[in-house]
Amino acid sequence: MKSKTVAVLETRTGEHLGALIERRGGIALLAPALEEVPDVDPQIVGSLLTSWRSEPFAMVIFQTGVGTRGLFQATDSLGLTDEMMRLLAQTQVVVRGPKPTGELNSRQIRIDIRAASPFTTETVLEAIAGIALERKPVLVQRYGATNAVLRAALEARGAVVHEIATYRWGLPADLNPLRVFLDALERAQVDAVVFTSAVQIQNLYAVALADGRADALAAHLNRVFIASIGPVCSRALMAHGIKPAFEASPPKLGPLVEGLDRALRG
């Protein structure tokens, strides 16, 4: 990807991703498109554990590492982590991927069911397909927004779904890098854009809409090489009329950068 300008909308690992691109000769244009905002209400966590005692959950689904960590930090602050661990010992614990697995392992929490790679909502649902959920209470650790597909699928099987939020996705405090990216995109100064989250395209559109340039955004993006981290991200892009040129498999940064490098060299 020598001398190609690649826009990176990732926040948490954006600098690392940019370094991987520049190591291959590319020019990284960093434009963080979201910010993880802590959203843990200790009172809600305390109330959750109170209701959990009287009506135990049949299953708890952990979706993200940062969310799992935030939940335990809340119980730490309340002095309720030991009780949380006792309650989890009496329910089926399901994890979506390696990051929540790592957080639970650090707390020595037993894991009953692990979703298969590529760790999507679909693989979570496949992993629990044989478990009866009719009228069973299920707790879902939310990521930055409600996983509507997961919730609908669980409720369709008769589950009573409860969610606990530990953080939310917001726009970055500094929107200037995103506006610099939009300017460069409109001037045809971008060769590729890397999307690593479905929320990035939603937030990008929110900024473009506020600036009065959302109508042309899909056309501008479809003129450059669009790399997607995985199927969830690809679906969000296509919902906005943007066709990914490449989707990483498995959905990790390594395969994403390798595929991007091969395509841009070609």
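The values are calculated or read from the model by the stated rules, or taken from the named source; none is laboratory data. It should be emphasised that the depicted structure is a prediction, and the values quoted were computed from it without experimental measurement. No Cβ is skipped: glycine too gets one built from the backbone with ideal geometry, and neighbour counts run over all protein chains shown.
Collect the residues in the range 136-156 that are modelled with pLDDT under 95 and part of a loop (DSSP other than H, G, I, E, B), keeping them in residue-number order.
Arg142, Tyr143, Gly144, Ala145, Thr146, Asn147
Which condition number does Gln90 fail, the rest of (1) touching a Gly at 6+ places or on another chain (Cβ under 9 Å); (2) farther than 24 Å from Val232 by Cα; (3) without any contact (Cβ under 8 Å) to a residue 60 or more places away in the chain being met?
(1)
With the requirement that a residue be in a loop (DSSP other than H, G, I, E, B), over 23 Å from Ala28 (Cα atoms) and of a type in the set (Val, Ile, Thr), what does the range 187-246 give you?
none
Quickly run through the range 8-51 and pick out the residues that are assigned to a loop (DSSP other than H, G, I, E, B) and in contact with a strand residue (DSSP E or B) (Cβ under 9 Å, 6 or more places away or on another chain). Walk me through how you get there before you give the answer.
In the first step, residues of the range 8-51 are kept if they are assigned to a loop (DSSP other than H, G, I, E, B); the result is 9-13, 24-26, 31-34, 39-41.
Once the filter is applied, which keeps residues that are assigned to a loop (DSSP other than H, G, I, E, B) and in contact with a strand residue (DSSP E or B) (Cβ under 9 Å, 6 or more places away or on another chain), the range 8-51 yields Leu9, Glu10, Thr11, Arg12, Gly26, Ala31, Pro32, Ala33, Leu34, Asp39, Val40.
I'd like to verify a number: residues in the range 57-88 that are at pLDDT below 95 and under 25 Å from Ala153 (Cα atoms), how many?
7
Quick one: would you say Arg179 is at pLDDT 95 or above and in a loop (DSSP other than H, G, I, E, B)? So that I can check it myself, show each step before the final result.
Working: at pLDDT 95 or above: yes; in a loop (DSSP other than H, G, I, E, B): no.
Taking the combined requirement at face value, the residue does not satisfy it.
From the set of residues in the range 141-180 that are among the charged types (D, E, K, R) and over 19 Å from the mean Cα position of the chain (by Cα), which is farthest from Leu9 (Cα to Cα)? Working first, answer last.
Our first condition is that a residue be among the charged types (D, E, K, R); within the range 141-180, this holds for 142, 151, 155, 157, 163, 168, 174, 179.
Among the residues that remain, those that are also over 19 Å from the mean Cα position of the chain (by Cα) are: 155, 157, 174, 179.
On the way: Glu155: 33, Arg157: 36, Asp174: 13, Arg179: 12 Å.
Ranking the candidates gives Arg157 first.
Each row is one residue, and each column tells you yes or no for (1) more than 28 Å from Ala148 (Cα to Cα); (2) surrounded by fewer than 17 Cβ atoms within 10 Å (Cβ to Cβ); (3) in the same structural domain as Glu10 (by TED's automatic domain parsing); (4) acidic (Asp, Glu).
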site: Val199; (1), (2), (3), (4): no, no, yes, no
site: Asp211; (1), (2), (3), (4): yes, yes, yes, yes
site: Ala214; (1), (2), (3), (4): no, yes, yes, no
site: His220; (1), (2), (3), (4): yes, no, yes, no
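Report yes if Glu155 is among the acidic types (Asp, Glu) and within 23 Å of Arg142 (Cβ to Cβ), otherwise no. I'd like the intermediate steps shown before the answer.
Numbers: among the acidic types (Asp, Glu): yes; within 23 Å of Arg142 (Cβ to Cβ): yes.
For Glu155, the condition - among the acidic types (Asp, Glu) and within 23 Å of Arg142 (Cβ to Cβ) - is met.
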